[in-house]
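K.L.:
Submitted below is the structure of interest, expressed as structure tokens.
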Amino acid sequence: MSDPQTNTRRSPLLAAYALVVFAFLYLPIIVLIVYSFNLDGVGGFPPKRLTLQWYRLLFGDGAIWDSVLNSLLVAAATVAFSLVFGLLAALALDRATFPGKPIFRRLVLLPLILPGIITGLSLLMFVVFVNMQLSLITVFLGMGTALISVATTELFAGLQKMDRAQEEASLDLGATPWQTFWRVTLPNLRLSLIAAGLLIFTLSMDEIAVTFFLIGRDNTLPLEIWARLRRGITPEINAISTLIFGVSVILILIWYHIRTRSVGAEAQELLERP
């Protein structure tokens with residue numbers, strides 16, 4: 001048995017270690033946010049004069065907002081594509097029996113494990129092989145392919161928790177399998193679909209490795225920021241990065257709330273347990 005006094009003595013060290021880790025992770029983000037309001041730009045520490053000037057310049061920057069629109073279009077299409085094919089894959093894993101099913105279950109997770117540069121390069125080679133012009137469409141197809149695994153894992157978990165008795169009752173009452181899917185299965189997966197969609201949207205908005213290989217003449221927001229950073233850090237970059245951080249945090253909090261609701265009260269207690 002462990003000595004309670006030993007655990008008590010170790011707790012301040014553990015708390016200090018946790019503080020250092022969180023500071024390492026989040027202090028740069030805090031500095032970025034503060035400097036987005038600094039009148040002296042990226043110089044002058046500590047910031048002495050605060051302003052909204054950089055945000056006004058940002059909202060008048062047409063190139064940035066064109067890239068934001070491109071990113072939103074790609075992200076929305078990616079969500080739809082990934083959810084459709086991820087739902088089909090999840091149904092196959094949960095309901096069907098076929099040769100090689102264990103291998104297929106592991107291959108579904110492969111895009112999550114592979115580095116983005118490998119996924120992007122392989123997709124670029126495929127696009128070149130089929131003689132397809134690089135554009136936002138190729139970015140959307142690449143992102144959708146890479147993120148199907150996210151949708152599959154989320155929806156498979158939802159199917160595993162679903163009560164199959166409702167579907168059986170629907171079929172016994174004369175509904176066709178298609179009617180049962182639309183009126184029973186899909187509504188029961190509503191929370192899993194929303195959670196998966198929010199997570200995929202957030203990941204696709206921030207993706208740069210796959211996009212770099214598949215982009216054409218149009219830029220997405222991460223690539224626009226990267227291109228500008230090659231000329232140096234500007235206050236507008238701090239401002240747009242702050243907005244991205246805020247939107248990402250909101251989406252992740254919504255996803256977490258929906259995810260905890262979908263896994264049930266018992267799992268929520270486990271997630272919140274210190």
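The values are calculated or read from the model by the stated rules, or taken from the named source; none is laboratory data. Because the structure is predicted, anything quoted here is derived from the model rather than measured. Here the Cβ positions follow ideal geometry from the backbone for every residue, glycine too, while neighbour counts run over all protein chains shown. We work out accessible area using only protein heavy atoms, side chains counted, and drop any ligands, DNA or RNA first. Shrake-Rupley method; radii C 1.70, N 1.55, O 1.52, S 1.80 Å.
K.L.:
Within region 236-261, restricting attention to residues that are open to solvent by 60 Å² or more (accessible area, probe 1.4 Å) and among the aliphatic types (A, V, I, L, M), which residue is farthest from ASP40 (Cα to Cα)?
P.N.:
Residue satisfying both the conditions and the ranking: ILE254.
K.L.:
A follow-up question, please. Check LEU214 against each of (1) within 15 Å of SER71 (Cβ to Cβ); (2) under 14 Å from the mean Cα position of the chain (by Cα) and name the one condition it does not meet.
P.N.:
If we test LEU214 against (1) within 15 Å of SER71 (Cβ to Cβ); (2) under 14 Å from the mean Cα position of the chain (by Cα), just (2) comes out false.
K.L.:
Pull up region 59-79, narrow it to residues that are touching a residue at least 40 places away in the same chain (Cβ under 8 Å) and farther than 21 Å from THR145 by Cα, then point me to the one that is surrounded by the fewest Cβ atoms within 10 Å (Cβ to Cβ).
P.N.:
Here the residue is ALA63.
K.L.:
Related question: Collect the residues in region 143-200 that are over 29 Å from PRO222 (Cα atoms) and of a type in the set (Asp, Glu), keeping them in residue-number order.
P.N.:
Hits for region 143-200 are ASP163, GLU167, GLU168, ASP172.
K.L.:
Filter region 203-256 for residues that are of a type in the set (Gly, Ala, Ser) and closer than 27 Å to LEU114 by Cα and give the result. Reasoning before the result, please.
P.N.:
Taking region 203-256 first, the residues of a type in the set (Gly, Ala, Ser) are 204, 209, 216, 227, 232, 239, 241, 246, 248.
Matches in region 203-256: SER204, ALA209, GLY216, ALA227, SER241, SER248.
Quick grid of which residues meet (1) under 21 Å from LEU229 (Cβ atoms); (2) open to solvent by 80 Å² or more (accessible area, probe 1.4 Å); (3) touching an Asp or Glu at 6+ places or on another chain (Cβ under 7 Å):
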position	(1), (2), (3)
ILE29	yes, no, no
SER36	yes, no, no
THR97	no, yes, no
ILE103	no, yes, no
VAL108	no, no, no
ILE117	yes, yes, no
SER122	no, no, no
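K.L.:
May I pose another question? Give the residues of region 96-128 that are touching a residue at least 60 places away in the same chain (Cβ under 8 Å) and in a helix (DSSP H, G or I), sorted by residue number.
P.N.:
Narrowing region 96-128 to residues touching a residue at least 60 places away in the same chain (Cβ under 8 Å): 115-117, 119-121, 123-124, 127.
Selection gives GLY116, ILE117, THR119, GLY120, LEU121, LEU123, LEU124, VAL127.
K.L.:
Of everything in region 9-62, what is under 22 Å from GLY246 (Cα atoms), modelled with pLDDT under 85 and charged (D, E, K, R)? Give them in sequence order.
P.N.:
Hit for region 9-62 is ASP61, nothing else.
K.L.:
Which of the residues belonging to region 155-200 are touching a residue at least 40 places away in the same chain (Cβ under 8 Å) and of a type in the set (Lys, Arg)?
P.N.:
We begin by selecting, within region 155-200, every residue touching a residue at least 40 places away in the same chain (Cβ under 8 Å); these are 155-161, 189, 191-200.
Passing the criteria: only LYS161.
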